[in-house]
Structure formats: C-alpha cells, structure tokens
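Below you'll find the structure, written out as structure tokens, and then a few comments.
Here, each number is a calculation from the coordinates, and none is a lab measurement. All values derive from a computational prediction rather than experimental measurement. Please note: Cβ atoms are built from the backbone with ideal geometry, for glycine as well, and neighbour counts cover all protein chains shown.
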Amino acid sequence: MRRSAPALGVRIVAAWSVCVLSASGAAAQTGGADAEWQIPRTAWGAPDLQGVWDYRTMTPLERPREFAGKAVMSEEEAAVFTARTLEEQADYDRAPSVHAKWWLDYGKELTEDRRTSLIVDPPDGRVPALTDDARRRNAERSARRRAHPADGADYRGNTERCLSFGTPRLPGAYNNNYQILQTPDHVVILSEMIHDARIVPLDGRPRAGIPQWHGEARGRWDGDTLVVESTHYRDGAGFRGSTGAVRVTERFTRVGPDTVRYEITADDPSTWVSPWTVMFPLKKTDHAMYEYACHEGNYGLANILRNARLEEAATRAATQ
C-alpha cells in the first residue's frame, strides 16, 4: 500500500519540531543569542528566505548498510565516518573524478544531528524499490545506450549536453548553492548549477500543463513554510529518473538565523512503490553565486561524437 505524502510530511515536520524546540530550549537556558530569535519577515509580512544558501553536506543520500536500522551516528561513529570519507574523496583510485580533486567542493561535515542519511522517509533511509515499469524503462535505456552510445548529441545524457542537472538538485561535487529572491506574488529559486532560475508563482494561477525541463512549479505559504509543488516534467527530465508525471513537493522553513530546513518529497507511482522524502539544511552564506558556463571551452561532447565516428570507421576498415 502506498503511503500518502501529506501523512509523511506531518511526521517529518513533527520530528524536526522536536529538534528545533530542544535547541531553542537549550539556547534559552544558556542565554544564547538564539533565545530571542524570531523569523525575519519581508515588508509584506512573509518569512524572509532571501539570500544565498549553501547545502553542502557529507551525509549520504541513502543510509550505508553499516548503519542499517540506525538513524543517527554516535559521536565516535561520526568521527570515523568523516575521516574515512575525507580520505576517500582525496584518493583518485577510491573516488575517481574527471576533475582535479582541488576543484571539487564536496561537503566536509555531516549534518549537525549526525544523521546516517538525507532520506528521512522511508524509515530505513533508502530510496524505495523501483516498480516493474521503472525497471523496464531503465533496461530499455541501458540497451539503447549500449547499441547507440553516440549516434548524435541527443543520444547523450542531459548533463553532458548541459541541458539540466535536474531540479531540485541534491548535494553534489560542486555548485551547492541556491539563491532565493521574493516578491509578494513570486519566488525565484536560482541554482548555481547551470544557473537555472525557477520563477514560482504564488498567486494561485492554474497550471498550463506544458511539459518543461524543471516542471511547472506553483507555490503557496503553509504557515511560515514555503511549499513549492512541481509537475509536468519533460520526458527524461523527471527527478532522479522518474516519469514526467512525478510530483515533487519542496518545503522551505526558516528555523534559525542562518538555517532553512529544506525537504523534498518525490511521488511517482510509475517509478517508486511509495513516495520518499529527503531533508537537509540550507546554510546562509556571504559567498557570491557564480555563472556555470557549461559549454564555455568545453570540448567534451564534440570529442565524444568525433571519437565515436573514428571508432566506427576503424570497425568498418577492419571488416573489409
């Protein structure tokens, strides 16, 4: 039986509320600066989410098998995991990369609560099982890639073609920043990865139903939480291999002077047997956003196609 996303959201927010209230109580007892903190608001009264937010983290998306059944690491486990991960990130043999190691910008720390995974539902911290339809699609995609790896640019992936790295984006090797801008009836979420700007209406307008690379987003305020729901993705552009019919729900909640609680729920009955939710903090930063000029001086895609033609010519010559 599929669990309903709203029910999941209630449980997740409740769990986070316990953490936030506990932290607030501790600040009050110690006389900390956060004891009197209140959500900053815009001139029109909405929670102020504006600024540049950094979402780097070492916490893995899925719970490693070594932590099966354990949602939070002990301090000792966290220290061992952190040291081992930093060592792996610096080793080309254990963590291969097409870029120089100094060029990458992975998170160097776990989330403050030392969670074992960014996935908070299902409780096992793992992506739900794929449906039979999703496995079939994946097999067909793999077979097509093997048979026609580089017949043309459109045979390569969206990232190689600099079209999209997917929306919303999870913590990755670099460009882990969002910039948020607000007006009374719109929110703009700018990603540093390929500098994609999603303009999200808040005025309740109906959806046009036109498939788009990043889906068709509509936003609303649920108390002090900004809720953004996106549907109508282009084929091949759905969140993490989902279909264009996936519904992605994002929740942004300011929980401290420098922290936004960010939740993503993906629901696509054609891809996963149940919805699943990811949660990680966005941290306020004074660093600037930079352009991601994906094709500026990038010869990778052209070389892939050229080498494919050379390989085909060599195969023909060998069989004549």
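Is any residue of the stretch 144-166 close enough, with backbone N under 20 Å, to a label point placed 7 angstrom from the Cα of Ala308 along the Cα-Cβ axis, and if so, which? Counting backbone N atoms under 20 Å from the label point, the list is 144-165. The peptide list 170-176, 74-80, put in order of mean Cβ contacts within 10 Å with the highest first, becomes 170-176, 74-80.
The magnitude of the dipole of the stretch 5-319, with charges of +1 and -1 set on the Cβ of Lys/Arg and Asp/Glu and taken from the Cα centre, is near 960 debye.
For the stretch 5-319, the number of Lys pairs separated by eight or more positions or lying on different chains, with C-alpha atoms closer than 24 Å, is 4.
Semi-axes of the equivalent ellipsoid of the stretch 210-272 are 25, 12, 9 Å, computed as sqrt(5λ) over the eigenvalues of the C-alpha gyration tensor in descending order. Of the chymotrypsin sites (Phe, Trp or Tyr not before Pro) found in the stretch 265-320, those in coil by DSSP whose Cβ has at most 11 other Cβ atoms within 10 Å are Tyr290, Tyr299.
In a shell of Cβ-Cβ distance under 9 Å around Thr265, excluding Thr265 itself, what net charge do Lys and Arg (+1) and Asp and Glu (-1) give? Taking every other residue near Thr265 into account, the sum is -2. In the chain, the DSSP-assigned H stretches of four residues or longer account for a calculated mean residue ellipticity at 222 nm of -8000 deg cm²/dmol, using -39500 (n - 2.57) per stretch and the full residue count as denominator. Global size of the stretch 55-211: 19.3, 52 Å for Rg and Dmax (C-alpha atoms, Rg to one decimal, Dmax whole). Comparing mean-square fluctuations of Thr116, Thr285, Thr231 from a GNM of the chain with C-alpha springs under 10 Å, the top value falls on Thr285. Springs join every pair of Cα atoms under 10 Å in this Gaussian network model of the chain, and among Phe252, Phe67, Phe239 the largest mean-square fluctuation is at Phe67.
Along its principal axes, the stretch 30-91 has C-alpha extents of 48, 30, 23 angstrom, given from the largest down. What is the Rg over Rh value, at two decimals, for the stretch 5-319, using alpha-carbon atoms and the Kirkwood definition of Rh? Result: Rg/Rh = 0.99. Seen from a random direction on average, the alpha-carbon convex hull of the stretch 242-318 projects onto 10.0 square nanometres. Each part gets one Cα centre, and for the stretch 226-251 versus the stretch 255-320 those centres are 15 Å apart. When the chain is treated as a GNM with alpha-carbon contacts under 10 Å, the residue of Gln179, Gln50, Gln89 showing the greatest mean-square fluctuation is Gln89.
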